[in-house]
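Any read-out appearing in this document is the output of simple, stated calculations on the displayed coordinates, not a laboratory observation. Note that this is a predicted model, so its numbers are computed, not measured. Counting neighbours? That spans all protein chains shown, and the Cβs are built from the backbone with ideal geometry, glycine included.
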């Protein structure tokens, strides 16, 4: 494995772990009936999982719109991931914007739970595609 491939795997693994952390936060917020923040954290779980997949192909964008665009262009349109996953990413992004920026954002338990389930499925499918990307070890981390 080349140094570039190792770096790509390590970055994918770190982003996948970050996605898992956001998913845990989303679950905790949901359990405490903080539905808008649960929606937001669910989106970030999806976003980081998408970034993990992008990193595996040496693709990068720090902008949300760029991640959505690259994900669709390189993975949905090529058939590597389903259209449903592309729709989940885009819909979750819209919901997160409402949750984070609307002065009157209110989400029902059903809406928050739906986004949480979408995040769980998205993360599971991306992890499966990445196929056993191990968590980063201290030697993988940048110094």
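Here the relative contact order of the stretch 51-137, from alpha carbon pairs under 8 Å that lie six or more residues apart, stands at 23 percent.
Model label sites at residue 94 and residue 3, defined 7 Å from Cα along the beta-carbon direction, differ in position by 4.5 nm.
Once you order the gyration tensor axes a ≥ b ≥ c over the Cα atoms, which shape class does the chain get: rounded for a/c under 1.5, otherwise prolate or oblate by comparing a/b with b/c? Note, shape of the chain comes out prolate. Seen against the Cα atoms of the chain and their longest principal axis, helix 83-101 is set at about 60 degrees. Measure nothing fancy, just the Cα-based angle from helix 3-31's long axis to the longest principal axis of the chain, in degrees from 0 to 90, nearest 10. It is inclined by approximately 20 degrees. Taking Cα atoms only, the orientation of helix 109-130 departs from the longest principal axis of the chain by about 10 degrees.
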